[in-house]
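The values are calculated or read from the model by the stated rules, or taken from the named source; none is laboratory data. In this text, all values refer to a predicted model and were calculated from it rather than measured experimentally. Backbone-built Cβ (ideal geometry, glycine too); neighbour counts: all protein chains shown. With ligands, DNA and RNA removed, areas are computed over all heavy atoms of the protein, side chains included. Shrake-Rupley method; radii C 1.70, N 1.55, O 1.52, S 1.80 Å.
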Amino acid sequence: MPMKVISGTANVPLAKRIAEHLDVPLADVVITRFPDQETFIKISENIRGHDVFLIQPSSPPANENLMELLIMIDAIKRASAMRITAVMPYFGYARQDRKDQPRVPITAKLVANLITSAGADRMLMLDLHSQQLQGFFDIPVDHLYASPVIVKYIRTKQLDNMVVVSPDVGGVKMAYAYAKMLDAGVAIVNKQRTSATEVEVLNLVGDVQGRDVVMVDDLTSTAGTLTQAARLLKKSGAKRIFAAVSHCLLTDLGVQRLNDSPIEELIATDSIVAPVASSPKLVHLSVAELLGDAILRIHNNQSVTSLFRI
Ligand code: R5P
């Protein structure tokens with residue numbers, strides 16, 4: 001079955017890099033809006049019997065990009081593709097994965113249901129907010145980590161007596177995984193969220209005195225979590241402070257906070273298009289080769305395990 005790579009509008013630069021790595025052209029599609037803002041999609045070439053990889057993260061604007069993904073899957077299915085893999089380097093709504101207050105939805109599950117109902121046969125994702133989200137899908141999920149790309153870069157920094165810090169308790173597993181790869185210690189910042197944009201850091205578990213620090217997290221948005229933790233780390237005697245996230249959703253407020261913080265560099269991947277207001281502290285690494293290699297392996301029914309190694 002021949003392969004076809006199709007991109008929505010959420011992250012065209014990444015899709016182009018993936019297609020370049022695979023040495024295939026992106027399929028010809030028309031994506032427009034009707035005057036009333038409804039989305040119109042037309043696949044302009046034959047994809048009958050193809051193994052289609054549709055690249056469309058649900059990054060901001062989340063609802064627009066999600067709806068575009070669903071409509072594209074429907075168009076591809078009705079064009080008689082043999083198999084559809086939704087490639088979502090960033091899966092939005094992932095943080096709404098539990099009913100932890102009365103009368104709230106589990107939107108991550110709703111989104112998983114929508115994608116499956118639209119007709120996706122498989123998922124290819126990167127650093128989900130939590131591993132358990134894979135279980136929200138009743139179709140196969142290949143879940144990649146950006147860590148091989150990020151660790152390679154961090155090693156070039158030659159940090160001294162390094163400690164990997166999780167800026168919240170939920171990220172401890174991720175911090176341990178990075179610490180193992182970097183042969184570093186681990187520390188944890190305990191935070192409490194007071195609103196969607198504000199966090200309060202409570203205390204630090206572990207020792208960072210006189211040591212270089214790398215904070216790791218799945219994503220940053222308002223940068224409240226990272227910058228508040230960075231201040232506590234500085235107060236606790238940390239030397240150089242770096243932060244690394246898989247998904248950079250930085251808002252204008254986030255960029256401002258990053259610039260004003262003791263963080264030397266924020267390392268992120270291109271799972272999401274770079275923010276309009278950028279920062280000199282922001283370093284973008286590409287996951288195009290990683291995703292491209294995974295696409296090729298899925299297409300050829302080969303194992304993807306080797307992609308987890310550095
Ligand atoms: C929370 O569980 C996530 O892993 C991130 O720590 C959080 O969403 C980051 O948000 P912000 O940058 O707005 O503090």
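With a 1.4 Å probe and every protein chain left in place, work out the accessible area per residue of the chain in Å², rounded to a whole number. The partial results should precede the final answer.
Values: 14040 Å² over 310 residues.
Counting only protein heavy atoms, the per-residue value for the chain is 45 Å².
Under 16 Å Cα to Cα from LYS239, which aspartates and glutamates show up? Leave out anything in the same chain fewer than 8 places away.
Of all the aspartates and glutamates, those that pass the test against LYS239 - Cα under 16 Å, at least 8 places apart if same chain - are ASP160, ASP207, ASP212, GLU264, GLU265.
Leaving out ligands, DNA and RNA but keeping every protein chain, what accessible area does MET82 have, in Å² rounded to the nearest 10, with a 1.4 Å probe?
Counting only protein heavy atoms, MET82 exposes about 130 Å² to solvent.
Sorted by mean Cβ packing within 10 Å, highest first, what order do the peptides 206-214, 275-283 take? Mind dumping the intermediate values first?
Values: 206-214: 18.4, 275-283: 13.7.
Top of the packing list down: 206-214, 275-283.
Taking the Cα centre of the range 7-163 as origin, sum charge times position over the Cβ atoms of Lys and Arg (+1) and Asp and Glu (-1), and report the length of that vector in debye to the nearest 20. Walk me through the numbers before you get to the answer.
Working: 17 positive and 17 negative charges, 59 e Å.
Dipole size: approximately 280 debye.
Of all the accessible heavy-atom surface of the chain, with the other protein chains kept in place and a 1.4 Å probe, what percent is carbon and sulfur?
On the way: 7150 of 14040 Å².
Here carbon and sulfur together make up 51 percent of the probe-accessible area.
For the range 69-204, give the share of DSSP beta bridges that are antiparallel, in percent and rounded to the nearest 5; count only bridges with both residues there.
Working: 5 of 17 bridges.
Just about 30 percent of them are antiparallel.
I'd like the distance separating the alpha-carbon centroids of the range 188-234 and the range 241-255, in whole Å.
12
Relative to the Cα centre, what is the charge dipole magnitude of the chain, using +1 at the beta carbon of each Lys and Arg, -1 at the beta carbon of each Asp and Glu, and rounding to the nearest 20 debye?
On the way: 32 positive and 32 negative charges, 101 e Å.
Its charge dipole is roughly 480 debye.
For the chain, give the share of DSSP beta bridges that are antiparallel, in percent and rounded to the nearest 5; count only bridges with both residues there. Kindly include the intermediate steps, with their values, before the conclusion.
Details: 11 of 51 bridges.
Once the DSSP bridges in the chain are tallied, antiparallel ones form about 20 percent.
With an 8 Å Cα cut-off and a minimum separation of 6 or more residues, compute the relative contact order for the range 147-285 in percent.
Details: 302 pairs, mean separation 27.8, N = 139.
Relative contact order here is 20 percent.
Note the per residue figure in Å³ for the convex hull of the C-alpha positions in the range 147-285. It would help to have the intermediate numbers written out before the result.
Values: hull volume 12.7 nm³, N = 139.
In the range 147-285, the Cα convex hull volume per residue is 92 Å³.
Residue farthest toward the positive end of the dipole of the range 56-111, with Cβ of Lys/Arg at +1 and Asp/Glu at -1: which of SER59, SER80, PRO102?
Of the options given, the answer is PRO102.
Calculated from DSSP H runs of 4 or more alone, at -39500 (n - 2.57) each and per residue, what is the 222 nm mean residue ellipticity of the chain, nearest 500?
Result for the chain: -9000 deg cm²/dmol, rounded to the nearest 500.
Using Cα pairs closer than 8 Å and at least 6 residues apart in sequence, work out the relative contact order for the range 1-132, in percent. If you can, show how the numbers build up before the last one.
On the way: 234 pairs, mean separation 30.4, N = 132.
After rounding, I find 23 percent.
Helix 172-182 versus the longest principal axis of the chain: what is the Cα-based angle in degrees, 0 to 90, to the nearest 10?
80
Quick one: which of 155-161, 142-148, 196-202 comes out on top by average Cβ neighbours within 10 Å, and what's the full order, highest first? If you can, show how the numbers build up before the last one.
Working: 155-161: 12.1, 142-148: 19.7, 196-202: 14.3.
Descending mean neighbour count gives 142-148, 196-202, 155-161.
Among bridges DSSP assigns within the range 147-285, what percent are antiparallel (round to 5)? Don't jump to the answer; show the numbers that get you there.
Details: 6 of 27 bridges.
Expressed as a percentage, antiparallel bridges in the range 147-285 total about 20.
May I ask which residue of GLY254, THR194, GLY237 lies farthest towards the positive end of the charge dipole of the range 169-310, with charges of +1 (Lys, Arg) and -1 (Asp, Glu) on Cβ and the Cα centre as origin?
Result: GLY237, furthest along the dipole toward the positive end.
Just how far, in whole angstrom, is the range 1-46 from the range 78-118 if you go by their alpha carbon centroids?
Each part reduced to its Cα centre gives a spacing of 20 Å.
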